[in-house]
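Report on the structure given below.
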Amino acid sequence: MIWYPYTQMKHMKAPYKIVDAEGVYLHTDDGRKLIDSVSSWWSVIHGYKNPELNAAIISQVQKFSHVMLGGLTHEPVEKLSQKLREYLPGELDYCFFSDSGSVAVEVALKMSLQYFVNRGENRRTKILALENAYHGDTFKAMEAGDDEDYHFILKALENSTQNTIHIPTKIPELERAFENYHDELNCLIVEPLLQCAGGFRIYDLEFLKRARELCDEYGVLLIFDEVATGFGRTGNRFVADLVLPDILILGKALTGGYIGHAVTVANQKVFDGFYDDNSEHALMHGPTFMGNALACSVALKSIEIFERENYLAKIRNIERIAKREFANFDSEFVKEIRILGGCVCIECVNSEIIRGFQEFAFERGVFNRPFLKYIYTMPPYIISESELVKIFGVMKDYLRAI
């Protein structure tokens, strides 16, 4: 029996069964055709069954699907590492691959702590993070996060969160945290500009600029978790293009949603903190499927398409259409509508309002998965205007109908 995510299995209704997918559409076993308005958890940026991505997978699988990176290497991982070195800003040059965004966050947090341990600065055990943060479901990622769904399980572990400080996205609070804890902090970790699973909260770039200044002043590492925000979701290629972190985490859209894979990319300073004659200073981590050849091959092709087809222009168009379609929309059930790049979120006044939305959308040819009190869309970037307008229309019709 399948144990499904984020749900009480005792009360779960049967999921929709998908038998095929192409473009922005999912095809169910009962013959329905659904627009995937959430890109399979924000990853399938090119849509489904992209012929170039398919070909990249097929070409590699005819050679080999996977070899371990322990003592071995291969062309796809070498090419992807080189591409990311050229593609990413600054000295974000050193790629540590893993098999999911959560694990990539774990790697970043472990990397940050050990960077200071290697330097003999053993007091720097604290993490600074944001209120409403989400960084994944593994334990250290949960500690860095601030998701109320995880609070009860973390309480079962004594002192589990004593090394994490959460602050709002306000510059005075940021400055106060550095003033109080700077000699105990090893890192500040953020989802830059857009806190996705935390409710699609948008905050000011000036906060990140000040964070960079404070990290430089006090010698703290700045980590950007761009698992969800990277590859254009905020309207920027990466937020790291605007403010440069010491460590950047990418996943989800890295492979165009074809295969789970992620990368933790460190700058020269962080890498040099491990490059030593002392073998104990090595980073002792190694996911089995890191640098998977299929994932690296499809990631290379995904980046090529993203660049060649000017996806940032497609994302700007999604944002423009969204702002137009919601310009005059109002509802007593809506607290706020937030639009940024390829993300549109309707925050409802309470969680009861969204209860019937998934089925309502399904009956009208749209797959969506609202949560808490948020109805949102993060569609594939290849979506047409008419398909996008249909998604927005379903959202507005639902709020008018209840």
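The values are calculated or read from the model by the stated rules, or taken from the named source; none is laboratory data. Because the structure is a prediction, the values reported are computed rather than measured. Here Cβ is always computed from backbone atoms with ideal geometry, including for glycine, and neighbour counts include all displayed protein chains. Heavy atoms of the whole protein, side chains included, go into the accessibility calculation; ligands, DNA and RNA do not. Shrake-Rupley method; radii C 1.70, N 1.55, O 1.52, S 1.80 Å.
Below, the figures for the structure above:
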{"quantity": "Solvent-accessible ranking of 12, 1, 68, largest area first, probe 1.4 Å", "calculated": "1, 68, 12"}
{"quantity": "Environment charge of residue 29, counting only residues whose C-beta is closer than 13 Å and scoring Lys/Arg +1, Asp/Glu -1", "calculated": "+1"}
{"quantity": "Amide hydrogen neighbours beyond the local backbone of residue 367, cut-off 5 Å, H modeled", "calculated": "35, 36, 37"}
{"quantity": "Accessible area expressed per residue, the range 1-125, with surrounding protein chains retained (probe 1.4 Å, Å²)", "calculated": "55 Å²"}
{"quantity": "Net charge of neighbours whose Cβ lies under 10 Å from the Cβ of residue 293, counting Lys and Arg as +1 and Asp and Glu as -1", "calculated": "0"}
{"quantity": "Within straight-line cross-link reach of residue 396, lysines at Cα separation under 21 Å, skipping those fewer than 8 residues along the same chain", "calculated": "33, 323, 335, 373"}
{"quantity": "Cut-off of 10 Å, at most 13 other beta carbons, DSSP loop: longest stretch of the chain lacking such chymotrypsin sites (Phe, Trp or Tyr not before Pro)", "calculated": "65-274"}
{"quantity": "Between helix 311-326 and the chain: long-axis angle, C-alpha atoms, 0 to 90°, nearest 10", "calculated": "50 degrees"}
{"quantity": "Added length on full extension, which subtracts the Cα-Cα distance from 0.36 nm per residue, residue 10 to residue 213", "calculated": "68.2 nm"}
{"quantity": "In degrees, nearest ten, helix 385-401 long axis to first principal axis of the chain (Cα)", "calculated": "70 degrees"}
{"quantity": "For the chain, calculated [θ]222 nm from helices alone, where every DSSP H run of n ≥ 4 adds -39500 (n - 2.57)", "calculated": "-11000 deg cm²/dmol"}
{"quantity": "Charge tally in the Cβ shell below 14 Å around residue 67, where Lys, Arg are +1 and Asp, Glu are -1, residue 67 excluded", "calculated": "-1"}
{"quantity": "Accessible area (Å², 1.4 Å probe, nearest 10) - residue 320", "calculated": "120 Å²"}
{"quantity": "Carbon/sulfur fraction of accessible area - the chain, other protein chains in place, 1.4 Å, %", "calculated": "50 percent"}
{"quantity": "Förster radius 22 Å - calculated FRET efficiency between residue 54 and residue 285 (Cβ-Cβ, nearest 0.05)", "calculated": "0.10"}
{"quantity": "Candidates 18, 189, 223, ranked by Gaussian network fluctuation over the chain, Cα under 10 Å, top entry", "calculated": "18"}
{"quantity": "Selected from 29, 183, 246 as most flexible by GNM, with the chain as the system and alpha-carbon contacts under 10 Å", "calculated": "29"}
{"quantity": "Per residue, in Å², the accessible surface of the range 174-257 once ligands and nucleic acids are set aside, probe 1.4 Å", "calculated": "27 Å²"}
{"quantity": "DSSP bridge pairs, the chain: antiparallel proportion in percent, nearest 5", "calculated": "65 percent"}
{"quantity": "Solvent exposure ordering (accessible area, 1.4 Å, most first) of 169, 28", "calculated": "169, 28"}
{"quantity": "Order of exposure, largest accessible area first, which applies to 332, 52, 22 with probe 1.4 Å", "calculated": "332, 22, 52"}
{"quantity": "Rg to Rh quotient for the range 36-93, alpha carbon positions, Kirkwood Rh", "calculated": "1.05"}
{"quantity": "Most fluctuating residue given options 253, 56, 133, as computed from a GNM of the chain linking Cα atoms under 10 Å", "calculated": "56"}
{"quantity": "Cα pair distances in the chain, grouped into 20 Å bins until the bin that holds the longest one, percent each", "calculated": "26, 58, 15, 0"}
{"quantity": "Using alpha-carbon coordinates, inclination of helix 51-61 to the longest axis of the chain, degrees", "calculated": "50 degrees"}
{"quantity": "Probe 1.4 Å, accessible area per residue of the range 260-388, Å²", "calculated": "45 Å²"}
{"quantity": "Residue 401/residue 131 FRET efficiency (R0 22 Å; Cβ-Cβ; nearest 0.05)", "calculated": "0.05"}
